[in-house]
Amino acid sequence: MVNKEVARTTIKTEYFGSLTERMNKYREDVLNKKPYIDAERAVLATRAYDRYKEQPNVLKRAYMLKEILENMTIYIEEESMIAGNQASSNKDAPIFPEYTLEFVLNELDLFEKRDGDVFYITEETKEQLRSIAPFWENNNLRARAGALLPEEVSVYMETGFFGMEGKMNSGDAHLAVNYQKLLQFGLRGFEERARKAKAALDLTDPASIDKYHFYDSIFIVIDAIKVYANRFVALAKNLAENANPKRKKELLEIADICSRVPYEPATTFAEAIQSVWFIQCILQIESNGHSLSYGRFDQYMYPYMKADLENGKETEDSIVERLTNLWIKTITINKVRSQAHTFSSAGSPLYQNVTIGGQTRDKKDAVNQCH
């Protein structure tokens, strides 16, 4: 009689292969990490919103992201070849007070007592969140959305007949980033386009004012991302000083890669993965929407993979390890929802979807090695 558990393990091993020792350790560390509520982003966002309160919203948001990226806690895990983190530690959930603080304050003492989607929280974090609460009272998306709701709709929400938790408590969501353009042109390319567009504005036209501020916000954000990436350059070099020879080489490679991307176009598979991850992560630092997807990952990554395999820069094993690293990084992102919202979105899902295979624009088979 066949042992079903052994059979399942054998099939899984034969079909999917096995993780390298360090990726297996990295995976287990991430999966076993207790998720905490993290107030750091909320404190930095509050500081920026207060400092730039007179600015148009688009600039206020840009300055907020700048404040966060320049001051938030950063780290590089021992097993990782990719840099970039969303919160103070893996799987911690940042708080986004510009969307809502209502359920957070109401549930401060309940996060650890939930039946599911449990989050842990320190007393220090509770005090940090309480301290910024007055600034956000009637001063965030939830408050403004609530004020817009007709009384008839509000009544139905109170009964639980339907709800709009995801819409009123969250930011940008349900999108796939054009990573192909990012890899091809880098943020430098978007910066150059914005400079030309700004220079072409007719400032005698009132409609140009919003565009003027929008382009300025692009410059602020790109500069902030460069600072964020360069913080990892410095960190990787610092960690390399006390690392063993193999890890020292990797850390110096991380530093070299982060000194170029995502500002410059990617030239290697390693640079492409790092560039994609930086933007994937930063977009979720900026906004707490979900369903931020990688899109047709195998299509835009394949040229870099193919070139590096052909020139000997990568092997199939090293490619698989880098991809494994990225997918584990992806599950370090976390989001806390209200208890009511968890009833329909259990498991803290972020829905970071990936599309593989399919067809090309001219209806040819698009399957390649990268999938």
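The values are calculated or read from the model by the stated rules, or taken from the named source; none is laboratory data. Treat the numbers as computed from the prediction; the structure is a model and nothing was measured. With ideal geometry, Cβ positions are generated from the backbone for all residues, glycine too; neighbour counts draw on all protein chains shown. In case anyone asks, the SASA skips ligands and DNA or RNA and just uses the protein heavy atoms, side chains included. Shrake-Rupley method; radii C 1.70, N 1.55, O 1.52, S 1.80 Å.
Pick from the range 318-360 the residues that are at positive phi and not hydroxyl-bearing (Ser, Thr, Tyr): which of them is least open to solvent (accessible area, probe 1.4 Å)?
Here is the first cut: in the range 318-360, the ones at positive phi are 347-348, 351, 357-358.
Still in the running and not hydroxyl-bearing (Ser, Thr, Tyr): 347, 357-358.
Details: GLY347: 59, GLY357: 5, GLY358: 47 Å².
Here the answer is GLY357.
Checking the structure you have, find out if any residue of the range 209-220 is farther than 22 Å from GLU70 by Cα, among the polar types (S, T, N, Q) and in contact (Cβ under 8 Å) with a residue 24 or more places away in the chain.
Going residue by residue through the range 209-220, those that are farther than 22 Å from GLU70 by Cα are 209-212.
Checking which are among the polar types (S, T, N, Q) leaves us with none.
Checking the range 209-220: not a single residue is farther than 22 Å from GLU70 by Cα, among the polar types (S, T, N, Q) and in contact (Cβ under 8 Å) with a residue 24 or more places away in the chain.
Given the condition surrounded by fewer than 17 Cβ atoms within 10 Å (Cβ to Cβ) and either touching a Phe, Trp or Tyr at 6+ places or on another chain (Cβ under 9 Å) or in a loop (DSSP other than H, G, I, E, B) (or both), answer yes or no: does some residue in the range 274-282 qualify?
Narrowing the range 274-282 to residues surrounded by fewer than 17 Cβ atoms within 10 Å (Cβ to Cβ): none.
No: the range 274-282 contains no residue that is surrounded by fewer than 17 Cβ atoms within 10 Å (Cβ to Cβ) and either touching a Phe, Trp or Tyr at 6+ places or on another chain (Cβ under 9 Å) or in a loop (DSSP other than H, G, I, E, B) (or both).
Is it true that ALA240 is open to solvent by less than 20 Å² (accessible area, probe 1.4 Å) and either modelled with pLDDT under 95 or not hydroxyl-bearing (Ser, Thr, Tyr) (or both)?
Numbers: open to solvent by less than 20 Å² (accessible area, probe 1.4 Å): yes; either modelled with pLDDT under 95 or not hydroxyl-bearing (Ser, Thr, Tyr) (or both): yes.
Yes, satisfied.
I need every pair where a residue in the range 179-191 that is of a type in the set (Lys, Arg) has its Cβ under 9 Å from the Cβ of a residue that is modelled with pLDDT of 95 or more and not in a helix (DSSP H, G or I), sequence separation at least 6 or different chains.
Within 9 Å, the pairs are ARG188/TYR263; ARG188/GLU264; ARG188/PRO265.
Being out of contact with any His (no Cβ under 9 Å at 6 or more places or on another chain), open to solvent by 70 Å² or more (accessible area, probe 1.4 Å) and of a type in the set (Val, Ile, Thr), is that true of even one residue in the range 168-186?
Looking through the range 168-186, none of the residues is out of contact with any His (no Cβ under 9 Å at 6 or more places or on another chain), open to solvent by 70 Å² or more (accessible area, probe 1.4 Å) and of a type in the set (Val, Ile, Thr).
Just one of SER287, SER291, SER217, SER208 is in contact with a Leu (Cβ under 6 Å, 6 or more places away or on another chain), under 29 Å from VAL336 (Cβ atoms) and among the small types (Gly, Ala, Ser); which is it?
Working: SER287 fails: in contact with a Leu (Cβ under 6 Å, 6 or more places away or on another chain); SER291 fails: in contact with a Leu (Cβ under 6 Å, 6 or more places away or on another chain); SER208 fails: under 29 Å from VAL336 (Cβ atoms).
The unique qualifying residue is SER217.
Just to be sure, is ILE218 hydrophobic (A, V, I, L, M, F, W, C), open to solvent by less than 20 Å² (accessible area, probe 1.4 Å) and either part of a helix (DSSP H, G or I) or in contact with a His (Cβ under 7 Å, 6 or more places away or on another chain) (or both)?
Details: hydrophobic (A, V, I, L, M, F, W, C): yes; open to solvent by less than 20 Å² (accessible area, probe 1.4 Å): no; either part of a helix (DSSP H, G or I) or in contact with a His (Cβ under 7 Å, 6 or more places away or on another chain) (or both): yes.
No; evaluated as a whole, the condition is false for this residue.
How many residues are part of a helix (DSSP H, G or I) and surrounded by fewer than 17 Cβ atoms within 10 Å (Cβ to Cβ) if we restrict to the range 31-46? Walk me through it before giving the result.
Step one: of the range 31-46, the residues part of a helix (DSSP H, G or I) are 31-32, 40-46.
With the extra rule that they be surrounded by fewer than 17 Cβ atoms within 10 Å (Cβ to Cβ), the set shrinks to 31-32.
Final tally of qualifying residues: 2.
Residue by residue through the range 148-173, note down the ones that are over 17 Å from PHE103 (Cα atoms), part of a helix (DSSP H, G or I), at pLDDT 75 or above and not acidic (Asp, Glu).
Within the range 148-173, LEU148, VAL153 meet the criteria.
So, TYR75, is that one over 29 Å from SER217 (Cβ atoms), open to solvent by 30 Å² or more (accessible area, probe 1.4 Å) and either under 23 Å from the mean Cα position of the chain (by Cα) or at pLDDT 95 or above (or both) or not? If you could, list the steps in order and put the result at the bottom.
Details: over 29 Å from SER217 (Cβ atoms): no; open to solvent by 30 Å² or more (accessible area, probe 1.4 Å): yes; either under 23 Å from the mean Cα position of the chain (by Cα) or at pLDDT 95 or above (or both): yes.
No; evaluated as a whole, the condition is false for this residue.
In the range 53-67, what residues are in contact with an Asp or Glu (Cβ under 8 Å, 6 or more places away or on another chain), within 30 Å of GLU250 (Cα to Cα) and open to solvent by less than 30 Å² (accessible area, probe 1.4 Å)?
LEU65, the sole residue that qualifies.
Name the one entry in LYS126, LYS113 that is among the charged types (D, E, K, R) and surrounded by 15 or more Cβ atoms within 10 Å (Cβ to Cβ). Can you show your working first?
Values: LYS113 fails: surrounded by 15 or more Cβ atoms within 10 Å (Cβ to Cβ).
Just one listed residue meets the conditions, LYS126.
Kindly indicate which of ILE68, ILE11 is assigned to a helix (DSSP H, G or I) and modelled with pLDDT under 95.
Details: ILE68 fails: modelled with pLDDT under 95.
The unique qualifying residue is ILE11.
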